[in-house]
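What follows is a short report on a single structure.
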There are 2 protein chains.
Amino acid sequence: MTDTINSDLFKVVGHDALRKDGEGKLTGETRFAGDLVLPGMLHARLVTSRYAHARINSIDISEALKVPGVFKVIIAADLPIVQESSESRRRNPLAKDEVIFYGQPIAVVLGETEAAALDGVDQVFVDYDPLPVVSSMEEALKPNAMNVRSREAHGADADAQMHATVETKDQDVGFKLPHNVSNHIHFKRGDVESGFSEAAAIVENTYTVPMIHQSYIEPQSCLAEPTTGGGITLYTSTQAAFIARQEVAAALNMPLNKVKIVVTTIGGAFGGKFVLIEPFTAALAKVARRPVRLVFYRMEDLTAGNPSFNGKIELKIGARANGTLSALKAKVYFETGAYPGTALGIAGIVLAGYYRVDNFDIECFEVLTHKTGVGAYRAPGSPQTTFALESAIDALARAMNRDLLEFRLQNCIIEGDIMVNGKPMPRIGLKECMEQLSKHPLWLNRDKVAPGEGIGVAIGGWPGGLEPASSTCRLDHDGNITVTTGVADISGVTTSLGLIAAEVLGLQTEHVTVENVDTSSAPYAGASGGSKTLYTVGAAVLKAAQDAKEQILNIASSLLEANPQDLELQDGKVSVKGVTSKSVTLKEIAAKSMSFGGRFEPVFGRGNSAIVRNAPGFTAHLARVRVDSETGEVEVLDYVAVQDVGKAINPAEVHGQIHGGVTQGLGWALYEQMVYDEEGTLINGSLMDYALQSAPQVPNIEVQLIEIPSPDGPFGAKGVGEPPIVPGGATICNAIYAATGVRINEIPAVPERVRAAIISGAQDKITH
Amino acid sequence: MTDTINSDLFKVVGHDALRKDGEGKLTGETRFAGDLVLPGMLHARLVTSRYAHARINSIDISEALKVPGVFKVIIAADLPIVQESSESRRRNPLAKDEVIFYGQPIAVVLGETEAAALDGVDQVFVDYDPLPVVSSMEEALKPNAMNVRSREAHGADADAQMHATVETKDQDVGFKLPHNVSNHIHFKRGDVESGFSEAAAIVENTYTVPMIHQSYIEPQSCLAEPTTGGGITLYTSTQAAFIARQEVAAALNMPLNKVKIVVTTIGGAFGGKFVLIEPFTAALAKVARRPVRLVFYRMEDLTAGNPSFNGKIELKIGARANGTLSALKAKVYFETGAYPGTALGIAGIVLAGYYRVDNFDIECFEVLTHKTGVGAYRAPGSPQTTFALESAIDALARAMNRDLLEFRLQNCIIEGDIMVNGKPMPRIGLKECMEQLSKHPLWLNRDKVAPGEGIGVAIGGWPGGLEPASSTCRLDHDGNITVTTGVADISGVTTSLGLIAAEVLGLQTEHVTVENVDTSSAPYAGASGGSKTLYTVGAAVLKAAQDAKEQILNIASSLLEANPQDLELQDGKVSVKGVTSKSVTLKEIAAKSMSFGGRFEPVFGRGNSAIVRNAPGFTAHLARVRVDSETGEVEVLDYVAVQDVGKAINPAEVHGQIHGGVTQGLGWALYEQMVYDEEGTLINGSLMDYALQSAPQVPNIEVQLIEIPSPDGPFGAKGVGEPPIVPGGATICNAIYAATGVRINEIPAVPERVRAAIISGAQDKITH
């Protein structure tokens, strides 16, 4: 495998292609789950808790039932859901005797119309006894803190670790974990104390990152329809069709083959749609014996969705006089709300995974509080911990009087370095990204910025996920190709999968249709997420297309009386090399293989794939900012993202994904945060209050791609989705440091926080 | 390949299994196309012609448009259908300037409700000029007959020949064909005149068979829905999903990938649902830009469906003194109504295909008349011609003083005899069927019947169809199996396909689900019909299951550290042979191959199949009847059907299919006929008038299976569906002869016809 792939070799792959889902989205013709209507469909509206923690004495639904158009009012006891444990949020969609977060659903009104359901909601009366609220990790970790959950809640949800392949060791901590700690992981190598004793400089700091919301345009949406034979079909906006199928079947105690998941067009997900309301909606439909549609209002999605966890990272890192890192010690706290399930293991992968450090000791704690449960959000755990590491590295390089990129280049991991899971790092492009960034004019002229401006850099990465996948590739009667997968498209992957098949089969992309099929008949694909979608499903599509090509050549070989190896397939035609007159079209082959009395087997390729090597993706970002020292306002003037993508199958799409990721990273850095008061009430629970960027706030983003091909991904491709969101926080805060000389260790770097730091002259704690 | 298969070797195949579609049909839960409702759906109701032939001067829709709830009234000029030729019925669903059969649709009213549409139909006024009507073949073939179609209409519709693989030679007839003949085929071998000169006895007769209707319970039904991106989805009761897809795409000039055909549960088809109203309904939805449902009323289905053609066969057959057949000469006339397209080639396959005859000359004519176009009906062409042949053979054996079965056994074709297509006959079970029948107590005691009773026998056959097919076989998370195909289930084939996969994979049938997928993503399957469904699709399923099994054993081999050949798969578990403790379940294999980080490829088998050898199916029938010589009424007292099925995958289903086929054959023999008057008006256009049997009219039917395995069908299976309908007419009329000594040469043998024959003492024309 060479280090570069010559795009000239490809006719389709590597060339910009329009997204096939684009037109319907632009014209508004695309129908999302919330647009679907079925005959007899009921509208579900939620009665939610006004308290973060309270005992429910009674729920009076009698008045609600009198509202015209109200079909049923359902409380927890009515739901035919098999119980697992009270920690399973999917299995406990309605509070029973106790509410444990603000906005928690307590009852649901099913109405013939949405208006009727809403009128019904107003007539449901809940009698509460408010209880004390654990509203922060600080509160939760106090020795005398009350238990957030009545019984112990250890062990993460299975899907919490799904975004990356993590092997963790939970060693004996030698002390009793605080009772509100629901998960604990300890990563350790070497001897940190001896490491720190070798250090010429040590940086120590505590970094704080906020709880933020995925802020997909389309809220959580699901439509469940009971079907004949005791089945149920869900039309749902999910990244995880097969998981949804298993979860619904298990929750409703139904055979798997009675549950069909149809993934509707997804209006954004970013990790937040890994099965949340599907078992709930299915249960409602089962009770009602009619189709039920549940679409969260924006405020419900903010208060009762599954946003990203916030974190606090206490980090200490030291370097020897020769510039090598000698030790890293960290305590990481992720706030998981009222339900266990953060991507805790990622903390170790990031903190000990970007740079070679012989001695590390990283302890990670997941902490329960009275807030909504959390979920995945693009590279879950990585923006949090990368903010800490890359802020500290910046400070350490400065403390050592080293060039900020050279210092990173000296220490960054390369192929063969041992990862936290004990395995050697495969060939990655981290070094190349930084080298390319170091040649950028902005970096070369970093000392010539105007007063009040500064340039900062940071790196970020993502280990990449793995999951087996299958695909088929069918020749159609018109000579075109249909590829099937079971994938959910959250990133334009459908278009890219089509490019892969088109490239293999020598076709232009308009001749390939990719059908993402429902779970009843789809080739298996895992959930879309973790930057593994194209990497793994694309590999299956590649094999399916290659299989179809072989079948095509075999039929052509018989028809043209030539050896398959003497044939070439291009533009819908198989020709004998060098004998242009001897050819047969795909349409002719289709006619001979899919017709009455046909003597050839249909062309129907199949690809099964199980890649077992990760392809970690890395990126290096640069920002030029201007800081208004009077107001603390930060303006991003330039932003550069250099990312190793292995091979950009559809460069236009890869650029788009990186633009989106960078923008979300700037949200982490500068704007977004979910703010709860001491009562556990979300006080910015609407998009009027929650500071999601608008387009003018997004700077011009320059994207440069590095292509270090992965050995296993299709045409060398790697995952692209997660890395670009990762370095935003550190990049911006490092640029602020360059502009102002003060260290911001809590994001978002909102004006009042920046101004306060400038006034106090906030610095890193450095020991020499 | 041995001649028998020991069913004890099989755990699932060969054992009676309940039909998976049975419960929904029994409880009424199953939803047919006509039960489906979509939001915004319009109801289509037809304005039909009261004349069989007339000029349309004008259509006044103005009053209809005033009816509340009428959305649109559509006439031919409004339909966005690409024209081919006026002979294409699919492309001309509405009459333009001229109506050419009674009941022909002229306009369609789209209503918000069915009632509104019907009210609208009453307010559409058509101004006609009646024209002369060609109401029978006799009329059509008169030299001065008017042209049924304004321009010549030669060449059969492509699907007319789809029920069997026929290679025909249309030689120069040496004379100008009558202008209302739309197709002509000539089968010839040897010299018939010299053959007849060798004959010791010659039988000559003209046989007449009626036009009858398939009489499926569910009439023609289709629901078309415009979808986003300019697509269309059809929910339709069709045997031919992929043909429907091609036809709709071509008719509406749409790309193939924009047309999705979802086959709904089929309430009977029997050949009558090979794409009729699909392009029409799709065009209506395209004009309306809303979903449109068109469900024929029973009377519309009888007058404007595509029933079975009637026939007239002039047959002359001679045998030498040694009992061998010396010559056969025939003229066959099939009435095709106003649209070309009968299974004309089958006439030769039958007449020269049951018995060895060195010299034959068979001329077949397809004749146009002013009646509705015809379609396929279970073994199209075979019941008609078999009635002629098996009546004549009965007479010939009697003329030669030969035992009726011995004479047939002496002459019947066996493996290696040359078929009309010039190829040798494969191993068939015709002889075995007759040998088995000859041992039946009813036959052995045939001379001991009561006065007025008689026992008749006849044989029948079907060449069997061929078409390539694909299938997939997926392991699911619960350790169960999902098989996918693109097949339409008209015969319980879904259950049988599941048995095939279950057998291969060592599972009980409840662990296998068969999904028949829509055309957008299904593995290819041809139309269901021609007794080729299980034979060809089953072969693909078998291969897909074998492929999945191999994948399962490979994964188990790795997990159990054993060679695949040392493993056995049974009851959801792979074990090392002889080491019961070493095993892994399918569920465990699923967990390791379809999960985050899984290191095995998903188990996803694929089968592509293209069987190139037909497996003709034969049957021998016996009936004991009692004839009331006063009234001419015929009562069927006993009926025995012995059929070679190759291998009965699901014996219960095979018995059921034979019961159904025999019953329909008795309909041909005794009850059914579509009766038109001289004006071309169907005078028994309802099930009050059309004599479809009711259950008490069906005798007890004894079914005996012969299993001469086919080399290519799954587990040796052959097609089962067509043969049992074939011999009914001759079996009954031969029994009537045995009872009364008179020959009935026109079916149905209704009482007035039988009584007339008894009074006239009707005999065969025999020359010695």
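The values are calculated or read from the model by the stated rules, or taken from the named source; none is laboratory data. Just so it is clear, the model here is predicted, and its values are computed rather than measured. Virtual Cβ from ideal backbone geometry, glycine too; neighbours counted across all protein chains shown. SASA here: full protein model, heavy atoms, side chains in, ligands and nucleic acids out. Shrake-Rupley method; radii C 1.70, N 1.55, O 1.52, S 1.80 Å.
Residue by residue along A:476-489, Cβ atoms of other protein chains within 10 Å of the local Cβ number 3 on average. Beta bridges assigned by DSSP with both partners in the protein assembly as shown are antiparallel in approximately 75 percent of cases. Positive end of the charge dipole of segment B:527-634 (Lys, Arg +1 and Asp, Glu -1 on Cβ, about the Cα centre): tell me which of B:GLY530, B:SER609, B:GLY578 has its Cα farthest that way. Result: B:GLY578, furthest along the dipole toward the positive end.
Taking all protein chains as they are arranged and a probe of 1.4 Å, the heavy atoms of B:MET425 leave approximately 10 Å² accessible to solvent.
Label point of A:LYS423 (7 Å along Cα→beta-carbon): distances to the other copies' equivalent points are 5.3 nm, sorted ascending.
The mean count of C-beta atoms from other chains within 10 Å of the C-beta of residues in A:511-518, rounded to a whole number, is 3. Figure note: B:TYR333, A:TYR377 ranked by solvent-accessible area, largest first, 1.4 Å probe, ligands and nucleic acids not counted: B:TYR333, A:TYR377.
Look at where the Cα atoms of segment B:336-397 and of segment A:567-623 average out, and the two centres are 44 Å apart. Charge dipole (Cα centre; +1 on Lys/Arg Cβ, -1 on Asp/Glu Cβ; no other charges) of segment B:211-336 amounts to roughly 260 debye. For segment B:176-216, rounded, prolate or oblate, judged on the Cα gyration tensor with a ≥ b ≥ c (square roots of eigenvalues), a/c < 1.5 rounded, else prolate if a/b > b/c? Oblate, since a/c reaches 1.5 and b/c is not below a/b.
Heavy atoms of the protein chains alone define the surface here; on that basis segment B:604-742 has 29 Å² accessible area per residue at 1.4 Å probe size. In segment A:172-289, the DSSP beta bridges split such that about 55 percent are antiparallel, to the nearest 5. Taking every C-alpha pair closer than 8 Å and separated by at least 6 residues, the mean separation divided by the residue count of chain B gives a relative contact order of 16 percent.
A cut-off of 5 Å between modelled amide H atoms, ignoring neighbours fewer than 5 places along the same chain, links B:THR227 with B:ILE232, B:THR233. Close amide H contacts of A:VAL703 (hydrogens built in the peptide plane, cut-off under 5 Å, sequence separation of 5 or more or a different chain): A:ALA641. Counted over segment B:310-409, the DSSP beta bridges are approximately 50% antiparallel. Buried surface for the A/B pair, taken as the accessible area of each chain alone minus that of the pair with a 1.4 Å probe, is close to 4600 Å² in total. Computed about the Cα centre, the dipole magnitude for chain A is approximately 1140 debye when only Lys and Arg (+1) and Asp and Glu (-1) carry charge, each at its Cβ. From a point 7 Å beyond the Cα of A:GLU435 in the direction of its Cβ, which residues of segment A:399-414 have a backbone N at a distance under 18 Å? Correct set: A:404-414.
The overall shape of segment A:1-91, judged from the alpha-carbon gyration tensor, is prolate: a/c is not under 1.5, and a/b is greater than b/c. Packing around the peptides B:18-29, A:600-611, B:521-532, taken as the average count of other Cβ atoms within 10 Å per residue, puts them in this order, highest first: B:521-532, A:600-611, B:18-29. Accessible surface calculations at 1.4 Å, restricted to protein heavy atoms, place segment B:301-344 at 17 Å² per residue.
Separation of segment A:630-649 from segment B:420-457 is 87 Å, based on Cα centroids. Reducing segment B:244-278 and segment A:69-141 to their Cα centroids gives an inter-centroid distance of 47 Å.
Across segment B:542-553, in residue order, what do the Karplus-derived ³J(HN,Hα) couplings come to in whole Hz, using 6.51 cos²θ - 1.76 cosθ + 1.60 with θ = phi - 60° and x for Gly and Pro? Once rounded to whole Hz, the list reads 4, 5, 4, 5, 5, 5, 4, 4, 4, 5, 4, 5. The heavy atoms of A:MET299 offer some 110 square angstrom of accessible surface to a 1.4 angstrom probe. Report D for the protein assembly as shown in µm² per second (integer): Stokes-Einstein, Kirkwood Rh on Cα pairs, 10 °C, 1.306 mPa s. My calculation gives 44 µm²/s for D.
Under the simplified labelling scheme, the A:LEU559-B:THR113 pair shows an inter-label distance of 5.5 nm, with each label point 7 Å from Cα along Cα→Cβ.
The phi torsions of segment B:199-205, fed into the Karplus equation with coefficients 6.51, -1.76 and 1.60 and a -60° offset, translate into couplings of 6, 8, 8, 10, 10, 9, 6 Hz, rounded to whole numbers, with Gly and Pro shown as x. Taking trypsin sites (Lys or Arg not before Pro) across segment B:685-768, none is in a DSSP loop with at most 12 further Cβ atoms lying within 10 angstrom of its Cβ. In terms of accessible area, using a 1.4 Å probe and ignoring ligands and nucleic acids, B:GLU752, B:GLU114, B:GLU335 rank largest first as B:GLU752, B:GLU114, B:GLU335. Residues whose amide H falls under 5 Å from that of B:VAL47, counting only those 5 or more places apart or on a different chain, are B:ILE106, B:ALA107, B:VAL108, B:VAL109, with hydrogens built in the peptide plane. For segment A:188-334, the equivalent ellipsoid derived from the alpha-carbon gyration tensor has semi-axes of 48, 17, 11 Å in decreasing order. Take each residue of peptide B:30-36, count the partner chain Cβ atoms within 10 Å of its Cβ, and average: the result is 1. For chain B, what does the alpha-carbon gyration tensor say about shape, rounded, prolate or oblate, given a ≥ b ≥ c as the root eigenvalues, a/c under 1.5 as rounded, and a/b over b/c as prolate? Oblate, since a/c reaches 1.5 and b/c is not below a/b. Taken about its Cα centre, segment A:511-634 carries a charge dipole of about 340 debye when Lys and Arg each add +1 at the Cβ and Asp and Glu each add -1 at the Cβ.
Across segment A:717-728, rounded Karplus estimates of 3J(HN,Hα) from the backbone phi angles (6.51 cos²θ - 1.76 cosθ + 1.60, θ = phi - 60°) give 5, 10, x, 10, x, 7, x, x, 7, 6, x, x Hz, Gly and Pro being marked x.
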